[in-house]
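Some notes on the structure that comes next.
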Amino acid sequence: MSNQIIQGILLGGYYALIACGLSFMFSVMRIINLAHGSLAVFAAFALWWLASRFHISPFVGLLIVLPLMAAIGWALQRFLLERSARGGALLPILTTFGLAIVIDNLLFEQFGADTRSLAPYIGSLSYDSWEWPGSIYVGKLAVIMFAAAVILLGGLQLFLTRTRLGRSIRATSEDPDTAGLVGVDAHRANAIAASIAMVTVGLAGAFLGMRATFDPYAGAPQLLFAFEAAVIGGAGSLWGTLIGGIVLALAQTLGAQVHPQGFLIGGHVAFLIVLFIRLSTSGLGLRGLLRLPTRKPT
Amino acid sequence: MSLLSVEDLVVRHGLLQAVRGVSFTIERGETLALVGANGAGKTTLLRAIAGAHQPAAGRVLLDGADLTSVPSHKRVGMGIALVPEGRKLFVQMTVEENLLLGKTAGRPGDWNVDKVLEMFPNLKPRRHAKTGHLSGGEQQATAIGRALMSNPEVLLLDEVSLGLSPLIVDRVYAALQGLIASGTTIILVEQDLNRALAVSDRVICMLEGRVALEGPSKAVSREDVTKAYFGLHRKSPGSVPA
């Protein structure tokens, strides 16, 4: 059992990685980015293209892809999200939904329906493992992913609380008008926040490609896992995202334990349970949510 | 040359014309009080000077430079700081973080967190508390301190005494007296007429978006201001009883 728990926690690190950008974007920019998964798959394809075409190791390829993702984030905010946000809260969601469809289909047009993976380009790392006490074998890649998630989330947390730029980004998310009045360039702060979010998406895409396979339409399931992890952890809280990823992964592991096909269902059930607890404690109430009539005493 | 001049400024909120052709100048080191009834356009005028509202017409000049198309965050860097009505603190952030945000524009000067805490000793024990949990007086002190952290040449104070107990207001004004003595240029909006006249060099009374009265605070009487405040000074040519 302890083996499953450890594997589940390590898998949680991966979910936290893919949820990180979604949670960051929601907490500081109040935007739910439905193109999140597609952008991660885009980054994975970019790394795959560099590796298969130019024999650039995916780890080196990150040096090219991450700055590219940052530039995409900046452009996305400046030319798409900022404009659509003027039309109300719903419009950015629809915009990113449309963007996801565009990205998916462009990838399909360019790369076809074949399933790809970055695993062939990272040598033995894709299957190597360490033996831990109690003859538990943990994949090296899984441990690296977990460590990357902790470092990334911790680094973002420190960045937001300890640096001037981080404070500017938080101030902009709280009140952009007043942020301007104290000297913060709100446009710039949001564009930088979007760049950072996209860099984390690039990292998530890299690990997605290394640990598994992907195809042009693999974005939606990634978005779903990221969304579930972010909601379980409390949308907008960075450490919560790590907890959320771990809870999701443990629930999936438990589900697979109960029934061979229970992997996904276990995760979804955990997500729904947390969601309903959240809603019922937020004052809305399960009864109110489901519009059940209150039973009158007879 | 005047430090700040406002020329025929017109500001609209949609169809509503909140400021209708206001002009005035303020010299370096001067304290100007803006008085007027609710809706007279005082807050809108201050926000337009700070760059939070784009004027429909007219200009704002700082040291002769036209600020009209300069966004608010750049105006902070040029030396204009606003303490907004209702304080508008970042409530998720601590007192210290709010104060440090004031430094974002990076104007050189001698204001720092310690000096602000020196000026408002009541903030000292609250330094790392979230500003959402502070009392009104502590919040106001933080808001003033945040504006001072940008080392402004012109400080715009919008209703700093609103919602505070008289004792706390005294304390806030005692701190402001120190600023005025040190030569900071201040434009303040104040509902308490006695306080406004006592603290300022010059007073402007606004009525329905226009300047109804302007004069040195020592020379104008309470009655003059009251008349301007309610619009009683207007000679209505058609004041024939119906």
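Readers should treat all values here as calculations from the given coordinates under stated rules, not as data from a laboratory. Bear in mind that the values here come from a model prediction, so they are computed numbers and not experimental data. Positions of Cβ are backbone-derived with ideal geometry, glycine not excepted, and every protein chain shown enters the neighbour counts.
Using a Gaussian network for chain A with springs between C-alpha atoms less than 10 Å apart, which of these wobbles most: A:Phe207, A:Phe54, A:Phe159?
A:Phe54
Checking the cross-link filter: which aspartates and glutamates have an alpha carbon closer than 18 Å to that of A:Lys140, excluding same-chain neighbours under 8 positions apart?
Once the sequence-local aspartates and glutamates are set aside, what remains near A:Lys140 is A:Asp128, A:Glu131.
What span do the alpha-carbon atoms of segment A:202-285 cover on each of the three principal axes, reported in whole Å from largest to smallest?
Largest first, segment A:202-285 extends 42, 32, 22 Å along its Cα principal axes.
Determine the percent antiparallel among the DSSP beta bridges restricted to the protein assembly as shown, to the nearest 5.
60 percent
Where the centroid of each part is defined by its Cα atoms, how far is segment A:58-88 from segment B:1-57 in Å?
Here the answer is 39 Å between Cα centres.
How many partner chain Cβ atoms sit within 10 Å of a residue's Cβ in peptide A:166-176, on average, as a whole number?
Mean partner-chain Cβ count within 10 Å for A:166-176: 4.
Near the amide H of B:Ala212, under 5 Å away, which other amide H atoms are found, from residues 5 or more places off or on another chain, if H is placed in the peptide plane?
B:Cys205, B:Met206, B:Leu207
Could you go through segment A:250-263 in sequence order and give the Karplus-derived ³J(HN,Hα) for each residue, using 6.51 cos²θ - 1.76 cosθ + 1.60 with θ = phi - 60°, rounded to whole Hz, and x for Gly and Pro?
Ordered by residue, 3J(HN,Hα) equals 5, 5, 5, 4, 4, x, 5, 5, 5, 8, x, 9, x, 4 Hz.
Relative to the first principal axis of the alpha-carbon coordinates of chain B, what is the inclination of helix B:136-148, with its axis defined by its Cα atoms, in degrees from 0 to 90 and to the nearest 10?
90 degrees
For chain B, go through all pairs of different Cα atoms, get the mean of 1/r, take its inverse, and jot down that Kirkwood value in Å.
Taking every pair of different Cα atoms in chain B, averaging 1/r and inverting gives 18.4 Å.
B:Lys218: which aspartates and glutamates have alpha carbons under 14 Å from its alpha carbon, excluding same-chain residues fewer than 8 sequence positions away?
Within reach: B:Glu30, B:Asp201.
Between B:Arg127, B:Arg202, B:Arg47, where does the largest GNM mean-square fluctuation fall for chain B, given springs only between Cα atoms within less than 10 Å?
For chain B, modelled as a Gaussian network with Cα springs under 10 Å, the answer is B:Arg127.
How big is segment A:122-269 on each of its three principal axes, counting only the C-alpha atoms and giving the largest first in Å?
Each principal axis gives a Cα extent; for segment A:122-269 these are 58, 34, 34 Å.
Using the 10 angstrom Cβ neighbour count as an exposure proxy, how do B:Asp158, A:Asp215 rank, fewest first?
Listing B:Asp158, A:Asp215 from fewest to most nearby Cβ atoms yields A:Asp215, B:Asp158.
Spelling out what I want: for every residue of segment A:211-222, take phi, set θ = phi - 60°, compute 6.51 cos²θ - 1.76 cosθ + 1.60 (Karplus), and round to whole Hz; glycine and proline get x.
Ordered by residue, 3J(HN,Hα) equals 8, 8, 10, 8, 9, x, 9, 7, x, 4, x, 5 Hz.
Per residue of segment B:32-44, what does 6.51 cos²θ - 1.76 cosθ + 1.60 with θ = phi - 60° give for ³J(HN,Hα)? Whole Hz please, x for Gly and Pro, Karplus curve as stated.
With the stated coefficients, segment B:32-44 comes to 10, 9, 9, 10, x, 5, 4, x, 6, x, 5, 5, 4 Hz.
Going through the cross-link list B:Lys42/B:Lys124; B:Lys103/B:Lys124; B:Lys88/B:Lys124; B:Lys74/B:Lys124; B:Lys42/B:Lys74, which pairs have a Cα-Cα distance over 24 Å in this structure?
Distance filter (> 24 Å) returns B:Lys42/B:Lys124; B:Lys74/B:Lys124.
Per residue of the protein assembly as shown, what 222 nm ellipticity follows from adding -39500 (n - 2.57) for every DSSP H run with n ≥ 4, rounded to the nearest 500? Let's see the in-between values first.
On the way: 21 runs with 292 residues, N = 540.
That comes out to -17500 deg cm²/dmol.
How many angstrom lie between the C-alpha centres of segment B:100-171 and segment B:204-218?
Rounded to whole Å, the Cα centres lie 28 Å apart.
Among the aspartates and glutamates, which have Cα under 17 Å from the Cα of B:Lys130 when same-chain residues fewer than 8 positions away are ignored?
Candidates past the 8-residue exclusion: A:Glu174, A:Asp175, B:Glu96, B:Glu97, B:Glu138.
Could you list A:His187, A:His259 so that the one with the fewest beta carbons within 10 Å of its beta carbon is first and the one with the most is last? Display every interim value, and only then the final one.
Details: A:His187 16, A:His259 10.
By the 10 Å Cβ count, ascending: A:His259, A:His187.
Quick check: residue separation of A:Gln157 and A:Gln261 times 0.36 nm, minus the Cα distance between them. What number comes out in nm?
33.8 nm
Give me the one-decimal Kirkwood hydrodynamic radius in Å for the protein assembly as shown, with the sum taken over alpha-carbon pairs.
Numbers: mean 1/r = 0.0374 Å⁻¹.
It is 26.7 Å.
When a/c is below 1.5 the answer is rounded, else prolate if a/b is larger than b/c, else oblate, so apply that to segment A:8-58 with a ≥ b ≥ c taken from the square roots of the Cα gyration tensor eigenvalues.
It comes out oblate by the Cα gyration axes.
Rg to Rh for chain A: what is it, with Cα atoms only and Rh by Kirkwood?
1.00
What's the exposure ranking of B:Glu214, A:Glu82, going from fewest to most Cβ atoms within 10 Å?
B:Glu214, A:Glu82
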